[in-house]
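The next block holds one structure in the form of structure tokens; read it before the comments.
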Amino acid sequence: MYAVVDIQGQQFKVETERRIFVHRLPNEVGSQVEFDKVMLIDNDGDVKIGMPVIENAKVTAKVLDHVRGDKVKVFKKKRRKGYKKCNGHRQNFTQIVIESIQA
């Protein structure tokens, strides 16, 4: 059984006991999170598709940790002008584990 869920503007394919990284959530570590925007549920061939979401469906998850992603280097250069600029960025993520999918 899997579902497609909208979490903070991004769509994720989730299954029970699957760990995923999402953009930083305001919840504390160890707390429960519920996601209401379930767009698709596949239960062993029985597919339910929402228009745009499925009514009374939700996915519950548990917050495991708040982490930061790998550093991404942003390098800008204009040739023959002597302009070079190097910046770095690390995105904040929250690791969650999917506990249940309810249709």
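Quick note: the coordinates plus some simple rules give every number you see, no bench work behind them. This structure is a prediction, so every number in the text was calculated from the model and none was measured. Cβ atoms come from the backbone with ideal geometry, glycine included; neighbour counts cover every protein chain shown.
In this Cβ point-charge picture (+1 for Lys and Arg, -1 for Asp and Glu), the chain has a dipole of about 1980 debye about its Cα centre. Among 69, 30, 88, the largest mean-square fluctuation in a Gaussian network model of the chain (Cα springs under 10 Å) belongs to 88.
Exactly which GluC sites (Glu not before Pro) in the stretch 1-89 are in a DSSP loop and have at most 10 other Cβ atoms within 10 Å? List each step's numbers first, then the result.
Numbers: sites: 15, 17, 28, 34, 55; in loops: 17, 28, 55.
The qualifying sites are 17, 28, 55.
Within 10 Å, at most 16 other Cβ atoms, and a DSSP state outside H, G, I, E, B define an exposed site. Report the longest part of the chain free of exposed trypsin sites (Lys or Arg not before Pro). With a cap of 16 other Cβ atoms within 10 Å, the longest stretch comes to 25-70.
Let's test the formula: R0 of 35 Å, r as the Cβ-Cβ distance of residue 32 and residue 85. What FRET efficiency results, to the nearest 0.05?
With R0 = 35 Å, the Cβ-Cβ based efficiency is 0.20.
Under 11 Å from the 7 Å Cα→Cβ point of residue 18, by amide nitrogen: which residues of the stretch 62-103? Under cut-off, by backbone N: 98. Of the labelled figures (1) 0.98; (2) 1.19; (3) 1.13, only one reflects Rg/Rh (Cα atoms, Kirkwood Rh) as derived from the coordinates, namely (2). For the pair the stretch 65-103 and the stretch 1-57, the centres of their Cα atoms are 23 angstrom apart. Under a Gaussian network description of the chain, with springs only between Cα atoms under 10 Å, the residue in 20, 49, 41 that fluctuates furthest is 49. Summing Lys, Arg as +1 and Asp, Glu as -1, what charge do residues with Cβ under 15 Å from the Cβ of residue 91 carry, residue 91 excluded? Net of charged neighbours comes to +3.
Applied to the stretch 86-96, the Karplus parametrisation 6.51 cos²θ - 1.76 cosθ + 1.60 on θ = phi - 60° returns per-residue 3J(HN,Hα) values of 10, 10, x, 8, 10, 7, 8, 10, 10, 8, 10 Hz, with x for Gly and Pro.
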